[in-house]
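Okay, structure first, notes after.
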Amino acid sequence: ETMLGRINSDVKLGALTNACVAYAHAVLQKNCPVYASEEENGNEEKKTAAGGLRPVYDRFSAIHGADDVPKPKPHPDGLHKCCEDMGLDPKDCVYIGDSPTDAMAAEAAGMTPIGVMWGSNGEEKLRAAPFQFLCNSVEELAQLLPIVD
């Protein structure tokens, strides 16, 4: 079971990358797990044709890349666009990233920036970035977020 599959169903998911938006969709479609339907508020989730399994990719209500926002990260434009798509105020959101530009964009957007140490940037660069939290493992990230069962 992955952390993405354990995120409460009422939590909105979005993704922003400095790559093109088509690449973002391709990566999410390829790498997001498929998980079984769960009961929500006493009602069973709508089942898909795939025997009741639902890909986590389908839960993303905003996916953007550098080619479909006015300015890429570290500018906040893409995160503001994701919030607009999801109907959320940035101050009610967290942005999880693995680069200093992720932290800068989240901070500029008014979100809580959370860093993860398993990306392509070294610990020194991440510690120097304006992340409010840095996580060394998926388990540590899951404990930090109250939205994970």
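When the alpha-carbon atoms of the stretch 79-118 are used, the pair Rg, Dmax equals 9.8, 30 angstrom. Karplus-based coupling profile of the stretch 102-113, in residue order and whole Hz: 5, 5, 5, 5, 4, 4, 5, 7, x, 9, 7, x, with θ = phi - 60° in 6.51 cos²θ - 1.76 cosθ + 1.60 and x standing for Gly or Pro. The residues of the chain present an accessible area of 57 Å² per residue when probed at 1.4 Å with all protein chains retained. Assuming R0 = 41 Å, what is the FRET efficiency of residue 123 and residue 58, from their Cβ-Cβ distance, to the nearest 0.05? Once rounded, the FRET efficiency stands at 0.75. The apolar share of the surface of the chain, taken as the fraction of accessible area on carbon and sulfur atoms (1.4 Å probe, ligands and nucleic acids excluded), comes to 50 percent.
Look at (1) 1.06; (2) 1.21; (3) 1.13: the one that is Cα Rg over 2.2 N^0.38 Å derived from this structure is (1).
Relative intensity of the stretch 81-149 on a log10 scale, I(q)/I(0) at q = 0.18, 0.19, 0.28 Å⁻¹, equals -0.66, -0.73, -1.21, per a Debye sum over C-alpha point scatterers of equal strength in the absence of solvent.
Backbone amide hydrogens, once placed in the peptide plane, bring residue 15 within less than 5 Å of 62, 63, 64, excluding anything fewer than 5 places away on its chain. If you take all other residues with their beta carbon under 11 Å from the beta carbon of residue 23, and give Lys and Arg +1 and Asp and Glu -1, the sum is 0. The length gained by stretching the chain between residue 26 and residue 6 to full extension, at 0.36 nm per residue less their Cα-Cα distance, is 5.0 nm.
Between residue 112 and residue 89, the contour length at 0.36 nm per residue exceeds the alpha carbon distance by 7.1 nm.
The values are calculated or read from the model by the stated rules, or taken from the named source; none is laboratory data. No experiment lies behind these values; they were computed from the predicted model shown. We place every Cβ from the backbone using ideal geometry, glycine too, and count neighbours over all the protein chains shown. Ligands, DNA and RNA are stripped out before the accessible areas are found, and what is left, the full protein with its side chains, is counted by its heavy atoms. Shrake-Rupley method; radii C 1.70, N 1.55, O 1.52, S 1.80 Å.
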